Structures are given as structure tokens and as C-alpha cells.
1. Which residues does the label zone of residue A:160 cover in the range A:74-108, counting backbone N under 19 Å from a point 7 Å along Cα→Cβ?
2. Using only Cα atoms, find the angle between the long axis of helix A:57-73 and the longest principal axis of chain A, and express it within 0 to 90 degrees, rounded to the nearest 10.
3. Quick one: order A:143, B:120 by neighbouring beta-carbon count within 10 Å, fewest to most.
4. For chain B, take the longest principal axis of its alpha carbons; what is the angle in degrees between that and the long axis of helix B:72-101, to the nearest 10 within 0 to 90?
5. Pairs of Cα atoms under 8 Å, at least six residues apart: use those to get the relative contact order of chain A, whole percent.
6. Using a basic spin-label model with each label point 7 Å from the Cα along Cα→Cβ, how many nm lie between residue B:261 and residue A:107?
7. Express the relative contact order of chain B as a whole percentage, based on alpha carbon pairs under 8 Å and six or more residues apart in sequence.
8. Counting only other chains, what is the mean number of Cβ atoms within 10 angstrom of the Cβ of each residue in peptide A:75-83?
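Nothing in this text is a laboratory measurement; each read-out follows from the coordinates by a stated rule. Quick caveat, the model's predicted, so the values are computed rather than measured. Cβ placement follows ideal geometry from the backbone for every residue including glycine, while neighbour counts extend to all protein chains displayed.
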Amino acid sequence: MTTTAHLAAGAGRVRLVRGAALVVLAVLAVAVGARTPLLLPDLVLPLVVAGALVGGPTRGALLGLGAGWVVDLVPPGSALLGTAALTYAVCGLLAGAGRREGLASWRWVAVVGVLCSTVLLGGGAIVALLAGSALSPADTVVRLVLTALLCALTVPALVRAEQQLRARS
Amino acid sequence: MPRPRRSPRTAARPLRSDRSRRLLTTLLLATIVVLVADLAGAPGTGAVRTAAGVVLRPVEGLLRPEVGRDDPGVRGTRAATAADTVAAQATEAAAFQRLLRAPETRGRAFVPARVVAVGRAGSAGPERVTIDAGSRDGVRIDRAVVNADGLVGRVVAVSPWTADVQLVGAADLTISVRAGAGVLGSVGSGATGPRRQAPGELTLTPVQRGTLSHGDVVTTLGSLDGTPYLPGLRVGTVTEVDGDPAALVPTAGVRPAVDVTTLDVVGVLVPEGRTVPRAPSTGGG
């Protein structure tokens, strides 16, 4: 096999695993959210951030758009179709802009994660305000903190796993 | 001299990046189109949601096992719902019993009904309600509607299974009445007459000067063939007599017997025409 073919096979496998994980996580977020009164962090964002950190801004935005559409469409779905897609796309673009050559430092990844969480939750809050639906600022802040923590904890591992998956073929 | 060959990777790179950028732009535009369509209430977005539901519901089913019938939470909710239903039925039954004992329905046939819709509120509260009995139940236009407290209004429109009732206090509903010690007059909305009444009150305009006083009970005078009003239905009580000496006939404020904002079980009276002629009486003085 040539290098290009190797790379293509690795990218295909990464795409498949990532797509399946996205759907499972989006459904899981809905399923768990319906069962518990606790506030949950956003489960999909770490995947988007990790993918964007590896793939760059365009790939990141594409990934975010796709992930957002899954979140939009998982029943019961968003109040307005496409809002989550656009918000996640912005997150992917932002995280992709933070791509660094080689292994990114843990601190940098954490900073990108916090930024993306802020964009995601802030975007959600703005959409809620524009749509005139109820919005609890305290809950939003708690979810932001939880999501940022989750990003900081999981994104480095996800980045490493993705790089390994890509290299092993 | 060998031509500098471009490696396939460097040739493919900008092409692929270009393609994904174009793809991103297209998808972003498509997303915005869908967003605007959903915002505008276009019909297609419902189909998108349905399709997503068809695909993703099985995944949800895998990740979220169905709640069992014997789950304590489910049982508790079920019991609470059943208790609420029983309580509501008991309230309705009690209201119906009160209606059966009310003087308005004594010895009279009536069609029981419940208020199922309230119309737009006028200046003095709601002016029309819909009840769940209609022409198939024997309800006709211009029948009197009562509840346990007195006269509610009259039927103004009928459909097979529902009817619309104009409430006492509506702008264009006037009732001929007898008040206190036989003072005849008419009762209309509180906005009629020379003086506006307090909110929620009606105006009684006597036909001639009489002795009206605070606390007099106002009842219907009765109409031809009992349509719309049978005699003796309670309309309200006199709360305030307008003592203007310059007025030819002093008007009075009447508090309605029925609170039209809390209507539930009502009865539509069925008038029965007289069939037996009245025998003349002889004084024995």
C-alpha cells in the first residue's frame, strides 16, 4: 500500500469510529438527561474539539456541523433545527484554529476546551434568549464549568487516541 | 534535464482542502436554509424530524431500556393520576347534586352540561362560553342556562354537540325581572343606564318608581312560553340604589347570583308549554 492509501484508510476508520461515537454520545446525553435531575456536561463537545485539534479549522467546522446536526435531530430534537449545528460548527472552527504541530500541551488543549465550552453554552443561551424560552443563568454557568472540565480531562486522551488510530494501518 | 515531478501528496493536498472548504460552505448554507425554514414554519422540517426519529429511535431504545410497569415511580404517578381523576369526578358529581337541589331546576326538565370553553373577556369578564351539549341533546337557541346559584345566560348558537351561551352581564343581554316587593324592571350590563356600576355588577332599571332597597332579590319575570326565561330564576341581589332625586326612575346596581368566572356544571332548561287551562278561582272573603 502507498502512503496515500494508508492515510486514506486511517482517515476512513477514524471517521467511522468518530461518527458512531457522536451518535451514541448524543443519544446518551438525551437518555441520561431524561433520567436524572442533575446537570450534565455536554458530552459531544470533547469529540468535536479533539477532532478539530487534529484536523484543523475546515475539518473541525465540518465535524462540528455534522455533530450539531446529530444533536439537533436526536429525538426530541432542538426547538429550531440547525441551531446546534451552527453552534458546534463555530466551536469546531475555533478549536481547529488552535491546531498546533506535534503533540499539543495539556494546558493549551484545556484553554481551547474552555473557549469552546463558552462558545457552545453562550450560543445556546443566546438562541434561548432570542427564541424567548426560559433560561437559567446559574444552570448555564454550572454546565459551562462541567463541560470545560470534561473537555480538559478527556480531549488530550481523545487527541492521542485519534493520532494512534490514524497512524496504525 | 528531468522535469520536477510534483509528488502526489502535494498535488492532492490543496485540492482536497479546497473541496472540503467548498463542502463546508455548502453545508453551512444548507443548515442556514433549514434553520430559516424551521423558523418560518415551513412544512418540510417536520418530515426531517420524522425521518431522524425513525432512524434514531431504535438507537435510543438500545441505550435506554423501557421503564417497567412495576417501577415504583411509574406506579406512584399512576396512583396520583387516578386519585386526581376521582377527585375531579367527585367535584363534578357534587356540582350536579347542587344543581339538582337548586330552586331553578325544581320540577323542571333540564339538560346537564359542562362549560368547555370560555370566549374572549369583555369589559366585565367573559361574555360567552361554550357548553358540551348541543342540538342532539335537545338544546335549542334561546333556552335559559342555569347553575346551582341562579341564571347563567341564554343559548345563542347551537351545533350538534355543543352550544354557545351568552352570559348575564354581556353587553347586549337584557332580562325582564321582578325585584324585591314586586318592582318590575329590566337588568342589563353594568355599562347601561345613566350611571356605570362597579365592575362585575349589573344595572337594574325599574319600569316605574318603586321601593327598591339593598338586599332585594332579583328574579326573572318569565317570558312568553318560557322562552328564553322561565319565571323565578335568580339573577342577583340589589347592592346599591341610585338615590338621585332628579332621576325619573332610580336605577340600582345588582350583584349577579352567578360568578361567571368559575362556571362548571350548568343545566339548560327545557320549557314545558301549558296544556291544562287554568280554572277560575272564587274569592271567599
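1. Backbone N within reach: A:100-108.
2. Computed tilt is about 40 degrees.
3. Placing the least packed residue first, the sequence is B:120, A:143.
4. The helix B:72-101 is inclined about 20 degrees to chain B.
5. 29 percent
6. For residue B:261 paired with residue A:107, the spin-label model returns 6.5 nm.
7. Worked out over chain B, it gives 15 percent.
8. Other-chain Cβ atoms within 10 Å of each residue's Cβ, averaged: 6.
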